[in-house]
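See below for the structure under consideration.
The values are calculated or read from the model by the stated rules, or taken from the named source; none is laboratory data. If you're wondering where the values come from, they're calculated on a predicted model, not measured in any experiment. Every residue, glycine among them, receives a Cβ derived from its backbone with ideal geometry; neighbour counts consider all protein chains shown. For accessibility, only protein heavy atoms count, side chains too; no ligands or nucleic acids. Shrake-Rupley method; radii C 1.70, N 1.55, O 1.52, S 1.80 Å.
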Amino acid sequence: ILRFLKSQKSDEYTVISLLHVIEHCESRVVLEIFQEVHRVLKKGGVFFCETPSLLSLWASQRQFYLDPTHVKPAHPDYICFMMEYCGFRKRAVRKFDPVVHPEFPSVYDIDDSNGLNQDLVALLKTWEDWLLGPMDICCLGYK
């Protein structure tokens, strides 16, 4: 990736995506990749960086370690910090790909009008998001 990026002209691309790459890299390499991505993006260009989510215990503690080539997970705050450090002016995080498992019925399927304590339902939904929330995140940086 670095060899390719370094061979490109500055301000060349409108969109660059890294899909499930940074979890395979050491921090110093991620920094260098982000710096090169910023260099080769045109003004107004967008950088998509997708990785397994640390915000879901299912993804971060079960799924992540099934791939022996993963070096370390990347928190979305870390990714956004790296983007800002490298000069991206605006950042955003999107979560997607929720866990769908037949043994785990969703709290979101509870009928909120059936007299259950709404605070309890809200707490259960928060726990479900932490345990079985979206398995992937995508951080977007704009040049």
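Values as computed for the structure displayed
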{"item": "Residues within segment 48-95 that are of a type in the set (Gly, Ala, Ser) and without any contact (Cβ under 8 Å) to a residue 24 or more places away in the chain, tallied", "result": "1"}
{"item": "Of the criteria (1) touching a residue at least 40 places away in the same chain (Cβ under 8 Å); (2) within 19 Å of residue 87 (Cβ to Cβ); (3) not in a helix (DSSP H, G or I); (4) not aliphatic (A, V, I, L, M), which one residue 11 fails", "result": "(1)"}
{"item": "Some residue of segment 90-99 being out of contact with any strand residue (DSSP E or B) (no Cβ under 6 Å at 6 or more places or on another chain), open to solvent by 20 Å² or more (accessible area, probe 1.4 Å) and at pLDDT below 95", "result": "yes"}
{"item": "Residue match in segment 32-53 (condition: hydroxyl-bearing (Ser, Thr, Tyr) and in a helix (DSSP H, G or I))", "result": "no"}
{"item": "Pair list, Cβ < 6 Å and 6+ apart or interchain, from segment 117-134 residues that are free of Cβ contacts under 8 Å to residues at least 40 places away in the same chain to residues that are open to solvent by 70 Å² or more (accessible area, probe 1.4 Å) and in a helix (DSSP H, G or I)", "result": "none"}
{"item": "In segment 41-51, the residues that are surrounded by 20 or more Cβ atoms within 10 Å (Cβ to Cβ) and touching a Phe, Trp or Tyr at 6+ places or on another chain (Cβ under 6 Å)", "result": "41"}
{"item": "Whichever residue in segment 66-102 is in a loop (DSSP other than H, G, I, E, B) and of a type in the set (A, V, I, L, M, F, W, C) and, among such residues, is nearest to residue 128 (Cα to Cα)", "result": "99"}
